[in-house]
1. Would you mind finding the one in Gly123, Gly68 that is in contact with a Ser or Thr (Cβ under 7 Å, 6 or more places away or on another chain) and over 27 Å from Ile15 (Cβ atoms)?
2. Have a look at Thr37, Thr21 and point out the one that is more than 24 Å from Leu89 (Cα to Cα), in a loop (DSSP other than H, G, I, E, B) and outside the structural domain of Ser134 (by TED's automatic domain parsing).
3. Restricting to segment 136-170, and then to whatever is over 22 Å from the mean Cα position of the chain (by Cα) and closer than 20 Å to Val92 by Cβ, can you tell me which residue is surrounded by the most Cβ atoms within 10 Å (Cβ to Cβ)?
4. Count, please, the residues in segment 44-55 that happen to be under 21 Å from the mean Cα position of the chain (by Cα) and either under 16 Å from Met126 (Cβ atoms) or surrounded by 13 or more Cβ atoms within 10 Å (Cβ to Cβ) (or both).
5. From the list Ile25, Ile15, Ile31, Ile6, pick out the single residue that is at negative phi and touching a Pro at 6+ places or on another chain (Cβ under 9 Å).
6. I need the helices (runs of 4 or more DSSP H) fully contained in segment 61-134, keeping only those with at least 3 residues that are among the polar types (S, T, N, Q) and either under 16 Å from the mean Cα position of the chain (by Cα) or loosely packed, with under 15 Cβ neighbours inside 10 Å (or both).
7. Just give me the residues in segment 135-181 being under 10 Å from Ile118 (Cβ atoms) and either aromatic (Phe, Trp, Tyr) or assigned to a loop (DSSP other than H, G, I, E, B) (or both), in sequence order.
8. Among the β-branched types (Val, Ile, Thr), surrounded by 15 or more Cβ atoms within 10 Å (Cβ to Cβ), modelled with pLDDT under 90 and farther than 30 Å from Glu176 by Cβ: is that true of Ile31 in this structure?
Amino acid sequence: MRSVRIPSDRVGTLIGKKGETKRMIEKMSGIKLSIDTEGEILFNEEAEGTDALMALKIIDVLKAVGRGFNPDRTLRLFEDDEYLEVIDLKDVVGDRSNQLGRIRGRLIGTDGKTRRIIEELTGCHMSVYGNTVSLIGNSVSLPVAKHAIELILNGSEHATVYHYLESQRPRLRIAEMGFDL
């Protein structure tokens, strides 16, 4: 049995309306989930017919839901070359809780502008939840989005970050077409 823990306020999102989300994840992965109200999720990764790679993918899906992603967005993690990256903001600001709010605000931007631009220009999904910022993307777009976030965390101006993202667009487009870089 394998165990994954998510915040208890995300359990309802993981289960979904009338259990739809849980059933959809189980169907796509072929793995049965046991979820308790405290946020503990158990599954048997060694059950008959369970793909070892699928067990790793479902861990990322569960963690992504726990990090604030809409379950529909996390299903992308079942595809090949799609990954979850979680950055702990406390590693950047330490225990200064007044700085956490400021950093979260910088990552999201006014009316979600910064988050939206990072998502649109890289093709990654981004979630700022609690003390973390998380990304879902492929092996080409994920490092670009992560670098943009690191620039913001290190105090770069938003205009500098947007310029960096714009400069990476040709590279991302080539990758989208299926050419190796």
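The values are calculated or read from the model by the stated rules, or taken from the named source; none is laboratory data. All of these numbers come straight from a predicted model, not from anything done at the bench. Positions of Cβ are backbone-derived with ideal geometry, glycine not excepted, and every protein chain shown enters the neighbour counts.
1. Gly123
2. Numbers: Thr21 fails: in a loop (DSSP other than H, G, I, E, B).
Just one listed residue meets the conditions, Thr37.
3. It comes out as Ser156.
4. So the answer is 2.
5. Step by step, each of Ile25, Ile15, Ile31, Ile6 is checked, and only Ile25 is at negative phi and touching a Pro at 6+ places or on another chain (Cβ under 9 Å).
6. 97-108
7. Within segment 135-181, Tyr162 is the sole residue that qualifies.
8. Judged against the criteria, Ile31 is a match.
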